[in-house]
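Dropping a structure here in structure tokens format, bear with me for questions.
Nothing in this text is a laboratory measurement; each read-out follows from the coordinates by a stated rule. Since the structure is predicted, the reported quantities are computational estimates derived from the model, not experimental observations. Cβ placement follows ideal geometry from the backbone for every residue including glycine, while neighbour counts extend to all protein chains displayed.
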């Protein structure tokens, strides 16, 4: 695991963080539920808690889907390539490439090649929002790349060690992460088969 | 394009041609070679922190590119050849997060290493 230069974190008196979605992205409750699950995975292993709010302007974390150049100097590039980016604390900006084919749930094994699992990318970017950099550990969530049609949402020991170095553990002990509503993706099935998990 | 499940993705969206697929033609390129497209690869490596920003990259496979590839291969647990081998090209073309792997030329992806203690430093010569 690694951190951003200067090791930025949310201030110690800020353990409850709010998040909101860009008003120009009308999202279904199902899609919002994907982000709630992703935040819950980090909450399960830290003292942090998260809750959605209506006001995009005042939320700690602001989530939006944008295509191409969206004004932060890091234009998105259409299908595949760069999927999303999120900035270090306390910026709270979380941008996803609106041109990707984001999949909310379901069996990715029969998905088209361009399908990207939304929750997998959300869990990774939230790691950045909390202060984690990228990691060389391939099974970690903070590994920079992901193969399309792959679901990878469970925090690895590397992720947990890194985030707990920043914030400490969950005062109630590491809680079980939210259940995954869909059958395992190709990668998860293969990993479990060869015990790599 | 957000889809509740994979079956609702329209076939016309099943595009897989990505801008980074162009790097495949650089396979086998070696130091000293000059090949159209190497400048785009340098732009990619600059985007993710492996090469310092530069106003214009050349299509020459120079020592800076080789060093950047070695750092990239180290970070992604690949054979550190400094060359554009199959494994490295396959990794480069994978979809990924837009945040750089190396920020302010001093962060590292290695486990347990806090930022600032990095084996990855740019050696730049000021002119």
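Any idea what the relative contact order of chain A is, in percent, if you count C-alpha pairs under 8 Å spaced at least 6 apart?
26
No solvent, one uniform scatterer per C-alpha: report log10 I(q)/I(0) for chain A via the Debye equation at q = 0.13, 0.15, 0.16, 0.17 1/Å, two decimals.
Cα-only, vacuum Debye calculation for chain A: -0.67, -0.92, -1.06, -1.22.
Taking beta carbons within 10 Å but only from partner chains, what does the mean come to for residues B:71-80?
Across B:71-80, the average partner-chain Cβ count within 10 Å equals 2.
Now for a separate question. State the Cα centre-to-centre distance between region A:13-77 and region B:1-36 in whole Å.
The two parts, judged by their Cα centres, are 28 Å apart.
Grab the beta carbon distance between residue A:109 and residue A:13, set R0 = 56 Å, and tell me the FRET efficiency rounded to 0.05.
For R0 = 56 Å, the calculated efficiency reads 0.80.
Per the Kirkwood formula on distinct C-alpha pairs, the Rh of region A:1-114 is how many angstrom?
One over the average 1/r among Cα pairs gives 15.7 Å for region A:1-114.
Please work out whether region A:51-106 counts as rounded, prolate or oblate from its C-alpha gyration tensor, where a ≥ b ≥ c are the square roots of the eigenvalues and a/c under 1.5 means rounded, while otherwise a/b larger than b/c means prolate and anything else oblate?
Oblate is the answer for region A:51-106, as a/c is 1.5 or above yet b/c matches or exceeds a/b.
Quick one: compute the contact order of region B:27-102, relative version, from alpha carbon pairs under 8 angstrom and 6+ residues apart, as a percent.
Relative contact order, region B:27-102: 36 percent.
Let me ask another. When you look at the Cβ of every residue in B:88-94, what mean number of other chain Cβ atoms sits within 10 Å?
The mean count of partner-chain Cβ atoms within 10 Å per residue comes to 2.
Using a/c under 1.5 as the rounded threshold, could you call region A:1-68 rounded, prolate or oblate? The axes a ≥ b ≥ c are square roots of the C-alpha gyration tensor eigenvalues, and prolate needs a/b larger than b/c, oblate otherwise.
Judged from the Cα gyration tensor, region A:1-68 comes out prolate (a/c at least 1.5, a/b above b/c).
If you take every DSSP beta bridge fully contained in chain A, what fraction is antiparallel? Give it as a percent rounded to 5.
In chain A, DSSP labels about 20 percent of beta bridges as antiparallel.
Using label points projected 7 Å from each Cα along Cα→Cβ, tell me how many nm separate residue B:78 and residue B:33, to one decimal.
Going by the 7 Å Cα→Cβ label model, 1.4 nm.
I would also like to ask the following. According to the square roots a ≥ b ≥ c of the eigenvalues of the Cα gyration tensor, what is the shape class of region B:30-88, taking rounded for a/c under 1.5, prolate for a/b larger than b/c otherwise, and oblate for the remainder?
Oblate.
Provide A:102, B:12 in ascending order of the number of other Cβ atoms located within 10 Å of each residue's Cβ, fewest first.
Arranged by neighbour count, lowest to highest, A:102, B:12 become B:12, A:102.
Using the Kirkwood radius over Cα pairs, work out the Stokes-Einstein diffusion coefficient for region B:1-55 at 37 °C and 0.692 mPa s, in µm²/s as a whole number.
Result for D is 232 µm²/s.
Set the Förster radius R0 to 30 Å, insert the Cβ-Cβ distance between residue A:70 and residue B:67 as r into 1/(1 + (r/R0)^6), and round the FRET efficiency to 0.05.
After rounding to 0.05, the efficiency reads 0.40.
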